[in-house]
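Written below as structure tokens is the structure these notes are about.
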Amino acid sequence: MIEVDLESKFHPQLLEVIQSALKNHADLDSILRAAYESRNANDIVFAISAEQSVTNKQLAIVAGREHLRETRQYEPGVWNDWPDVIPPRLNTEPFIDGKPLECDYWLLRLKNGRFVTGKLTSQKNWIQIPEFMIQAFREFSPPPSEQWLESQTEPASDDWNAFPRFKPETEETFEVLLSDGRQRAVTWHSTHIWTFYAKEIVAFKKIK
């Protein structure tokens, strides 16, 4: 395991607040580590047990991510590490009644190697997928045009493929384009069926 200087991750004033709540300053490193590893898009929670607390009662110090001394900016078109990078607002979903959806949909790579669709609220909370399972995220690939799909005559190994004219040759998860313009991550099974959206998929692409 790579050793990380956790104190260098936080502003000194915040460290002073946390230290002032501890009986033993030797507990600081473990508290910082747990908080840093469980940080989300909005907050960092420093959990102090009753045994560690100067009040002899459990404490939770909640700090905004602004207390991190370094932040990484989102890079379009590549995998961005979670939770080091916070996703921006996309507004790429088809509008309903002329209004954008409350949530954005992202392509997620989980720590177990799986690819799934991630649903993120405007408050930057992931829905349905526990945050601790997420390794990285990126936007879905730019969708192909209808004309391009209609004119495709050969399957592409690293680009979009018109479906059902072409079908995946391997059992894995692909980026898919639905008939209404939405994009999702869906698995193709060896039984030649999709796990979801079977009647709506018009194109698929291998995830890289």
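The values are calculated or read from the model by the stated rules, or taken from the named source; none is laboratory data. Computed from a predicted model, the values in this text were never measured in an experiment. Here the Cβ is made from the backbone with ideal geometry for all residues, glycine too, and neighbour counts use every protein chain on show. The accessibility values were calculated without ligands, DNA or RNA, using every heavy atom of the protein model including side chains. Shrake-Rupley method; radii C 1.70, N 1.55, O 1.52, S 1.80 Å.
Summary of computed values
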item	result
Accessible surface, 1.4 Å probe, highest first, among residues F115, F137	F115, F137
Average projection area in nm² (convex hull over Cα atoms of the chain, one quarter of hull surface)	15.2 nm²
Tail fraction, Cα-Cα pairs, the stretch 1-87, threshold 23 Å, whole percent	27 percent
Whole-number accessible area per residue in Å² for the chain, which is evaluated in the context of all protein chains at 1.4 Å	59 Å²
The stretch 94-208: radius of gyration and largest Cα-Cα distance (Dmax), Å	14.7, 43
Sites excluded, GluC sites (Glu not before Pro) in DSSP loops with at most 12 other C-beta within 10 Å, longest stretch of the chain	103-168
Estimated [θ] at 222 nm from DSSP helical runs (n ≥ 4, -39500 (n - 2.57)) normalised by residues in the chain, nearest 500	-3500 deg cm²/dmol
Straight-distance crosslink candidates among aspartates and glutamates, where the alpha carbon sits under 18 Å from K57 and sequence neighbours closer than 8 are dropped	D27
Anchor K206: lysines whose Cα lies under 30 Å away (excluding residues fewer than 8 positions away in-chain)	K111, K119, K124, K167
Degrees between helix 28-37 axis and first principal axis of the chain (Cα, 0 to 90, nearest 10)	20 degrees
Sequence of Y105, Y197 from largest to smallest accessible area, 1.4 Å probe	Y197, Y105
Alpha-carbon centroids, the stretch 109-171 and the stretch 1-76: separation in whole Å	35 Å
